[in-house]
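Peer 1: Before anything else, here's the structure in question.
Every read-out reported here was derived from the displayed coordinates using simple, explicitly stated rules and does not represent laboratory data. Every value quoted in this text rests on a predicted model; they were computed, and no experiment measured them. With ideal geometry, Cβ positions are generated from the backbone for all residues, glycine too; neighbour counts draw on all protein chains shown.
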Amino acid sequence: MRSYTGVFVGNLVFIAVCCSAAPFFLLVGYSAWSEYPGWDWPALLVAFGLVGTVMIPVLAITTTRQEFARITRRHGVEGVRTPYGDDTFVMWAPSSQQGPVRARLVRADVLEASLVRYHPDGESTFTTHYGNYTPDEFTPLIRLRLRVYDAEEFEATGERRVPSLCLSAITAGRLVVLVDGPAAPGARRTVIPDWPRSALLAGTRTCRVTDLEGRTTDVTRRVERQLQQMGISREAGSVAMNGDTIDLRRLDPHTAARYAALAACPEEQAPVSEPGEETRWLANQLPGEKAAFGSVGRRWSRRGGVLVRARFLEMRARTTFQDHGPVLDTVLRIQPADGTPPFDAARRLTVPMDYLTVLHRTKEVVLVVSPNGVSYDVDWARTSLLAGITAAKVIAADGRELPLTDRPDTVWTLMNLLASHGLSNPSPVLDLRERRMRAAAGILMDACA
C-alpha cells in the first residue's frame, strides 16, 4: 500500500534529478561571488540557483498532492449548498451535441458495445486543456449497436465518442438519442446520443420532482416519465435542476402544469441494468487500478489503521485529465470509523475510467484511514473490487471455490478482516490455502457463510 511519504520522497528524488542544475548553479554562483564580489554574473547565478532549488520541494509537494489525494476534515464542504440526502448523486457532465431543432428525443437500448480506441499519450501526467470541451484523446471511442424506439423500432450501428462521466449509461444499456429524418420505414435517419440525458435516464444521476404543494417524488429510473420530462424541458428551453431536484414552484405555470400532469401515471422503476450487460461490459477494456482485496502496511495495521466506506454525492467535469481517468471536482460523504457523525468533503480526484463504467450501480469508495483518524486516502484497488468491476472469489482450505459476485457486504467484511490481521492480498482471489492465511482462515471462512 503506497504511503503519502513514499510518494513524496519518490517525487522529490525525481524532481531533484531533473532540476539538478539549480543547486549546481547556486554553488558555482556563491563560490564566484565570494571571490569576485564586484561582479554581477555570480549574483545572477545565485538568484537563479536559489529559485530553482526552492522550487524542487515545492514541485514535489504539489505533484504529490495531485497524485495522492489525501482527504482531511479541512476539505469539509463550506458555505451554503444544496442539502444532499444519502441516496443523492449529482453530476455535471460536458454538454452534448444538440442536434437539429426538429429532431425527436427518444429512447435507445444498447445491444452491444466494444472499445475501439483509447490511447492518450499523456504518460500518466496531468494534462490540462482550456475551453469547455473534452479532447478526443481523452474520450474513448466506442462502437455501439443500438435499438432505437422511434415511431418504428430500428437498429443503428456506429462509432461514438463517449464522455467518460457518461460511460455508465452504456453499461446500464439505456440512452437518450435525438433522431432526425423521416419516420417512414427504411428511410435514412441520423441518430445522435445525448450523453448527459443518457446518464440521467440510466439512473446514474438521481432525479426528483417537487410538486406545487411541496411534495417531493423520486423519479430516478422512471424511464417513460423522465423521457416526457426531457421532452418538456427541451421545448421550454431547459429546466434547471437544483441539485438533483426539479422544483415546479420555480417554473412558469404552463411548464409546471405539464410536469404535474405526468404524476397521474405512476410507473415502476426500470432495472439497474438492462438485460445483456455482458455484451456491453467496458470495465475490463478501459484503464484503472487492478481490483484487489488490497495491500496492508504492517505498521499501519499494528497502530490501528482501518478502512471506511464513503459515497460520492457529486461529480463535476473539469478540463484536466490523466491517462487512466479524468480529474473531477467531487463531494464525498464520509462515515468516520470512530462513530462520529458523517461529514461531506470536497476534493479534486482522478477517478479511474473502469469505475466510471459502473457508476449507475454504485457510488461507494473505500478509504484507508490513518491510525490517528485524521486523514483518508482513496483505495481504488479495493473500491474496484467492492464495485464489482472484477469478480471476487475465495478458495477454501479444501479447494472449494466460493464466488462473491453480487455480495459486496461479504467482500467488505473480508477486506476489513484482512486489514485487521495485517494480511495483504493484492488480488481479487483470496486463497485460504496459503500458509500466511492459515491463522485467519477460520474467521475468513465464517465471513463467507
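Peer 1: Return the loop-located chymotrypsin sites (Phe, Trp or Tyr not before Pro) in the range 133-208 (DSSP other than H, G, I, E, B) with at most 12 other Cβ atoms within 10 Å of their own Cβ; answer none if there are none.
Peer 2: Tyr133
Peer 1: With a 10 Å Cβ neighbour count serving as the proxy for reagent exposure, in which order, fewest first, do Ile170, Ile56 appear?
Peer 2: Ile56, Ile170
Peer 1: Which number comes out as Rg/Rh for the range 138-245 once both Rg and the Kirkwood Rh are worked out on C-alpha atoms?
Peer 2: 1.00
Peer 1: Please identify every one of the trypsin sites (Lys or Arg not before Pro) in the range 264-306 that sits in a loop by DSSP and has no more than 15 other beta carbons within 10 Å of its own beta carbon.
Peer 2: Lys290, Arg303
Peer 1: Quick one: Karplus J couplings for the range 95-104, per residue in order, coefficients 6.51, -1.76, 1.60, θ = phi - 60°, nearest Hz, x for Gly and Pro?
Peer 2: Result, rounded to whole Hz: 5, 9, 4, 6, x, x, 4, 7, 5, 9.
Peer 1: Considering only DSSP beta bridges with both partners in the chain, what is the antiparallel share in %, to the nearest 5?
Peer 2: DSSP beta bridges in the chain are roughly 90 percent antiparallel.
Peer 1: Something else now. With all distinct Cα pairs included, what does the Kirkwood hydrodynamic radius of the range 286-448 come out to in Å, to one decimal, could you say?
Peer 2: Final number for the Kirkwood radius of the range 286-448 is 16.5 Å.
Peer 1: 7 Å from Cα along Cα→Cβ at both Ala261 and Arg74: what's the point-to-point distance in nm?
Peer 2: Distance between the two pseudo-spin positions: 5.6 nm.
Peer 1: Dipole of the chain, Cα-centred, from +1 at each Lys and Arg C-beta and -1 at each Asp and Glu C-beta, to the nearest 20 debye?
Peer 2: 620
Peer 1: Amide H neighbours of Asp247 under 5 Å, at least 5 residues apart or on other chains, H built in the peptide plane: list them.
Peer 2: Thr210, Asn242
Peer 1: Can you work out the Karplus-derived ³J(HN,Hα) for every residue in the range 422-439? Use 6.51 cos²θ - 1.76 cosθ + 1.60 with θ = phi - 60°, whole Hz, and x for glycine or proline.
Peer 2: x, 10, 8, 8, x, 7, x, 10, 9, 9, 7, 7, 5, 4, 5, 8, 4, 5
Peer 1: Still on this structure, I have one more. To check my understanding: the extent here is largest minus smallest coordinate of the Cα atoms along each principal axis. What are those three numbers for the chain, in Å, largest first?
Peer 2: Extents along the principal axes, in whole Å: 89, 68, 46.
Peer 1: Using Cα pairs under 8 angstrom and six or more residues apart, how large is the relative contact order of the chain, in percent?
Peer 2: Worked out over the chain, it gives 16 percent.
Peer 1: Another question, then. Once the piece of chain linking Gln285 and Phe343 is laid out straight, how much longer is it, given 0.36 nm per residue of separation minus the C-alpha distance between them?
Peer 2: 17.4 nm
Peer 1: Remind me, what semi-axes does the range 90-280 give for its equivalent ellipsoid, largest first in whole Å, using sqrt of 5 times each Cα gyration tensor eigenvalue?
Peer 2: Computed over the range 90-280, the values are 29, 21, 16 Å.
Peer 1: Taking 0.36 nm per residue of separation and subtracting the Cα-Cα distance, what length does fully extending Trp92 through Leu402 add?
Peer 2: Taking 0.36 nm per residue and subtracting the Cα distance, the gain is 107.7 nm.
Peer 1: Which helices, counted as full DSSP H runs in the chain, have an axial Cα extent of no less than 30 Å and a Kyte-Doolittle average of 1.0 or above?
Peer 2: 41-67
Peer 1: If one puts a single equal scatterer on every Cα of the range 234-353 and applies the Debye formula without solvent, what log₁₀ I(q)/I(0) results at q = 0.13, 0.17 Å⁻¹?
Peer 2: Scattering profile of the range 234-353, log10 relative to I(0): -0.96, -1.22.
Peer 1: Follow-up question, since we're still on this one. Report the trypsin sites (Lys or Arg not before Pro) located in the range 361-403 that are in a DSSP loop and have at most 16 other Cβ atoms inside 10 Å of their Cβ, or state none.
Peer 2: Filter output for the range 361-403: Arg400.
Peer 1: Two decimals, Cα atoms only, Kirkwood Rh: what is Rg/Rh over the range 186-286?
Peer 2: 1.03
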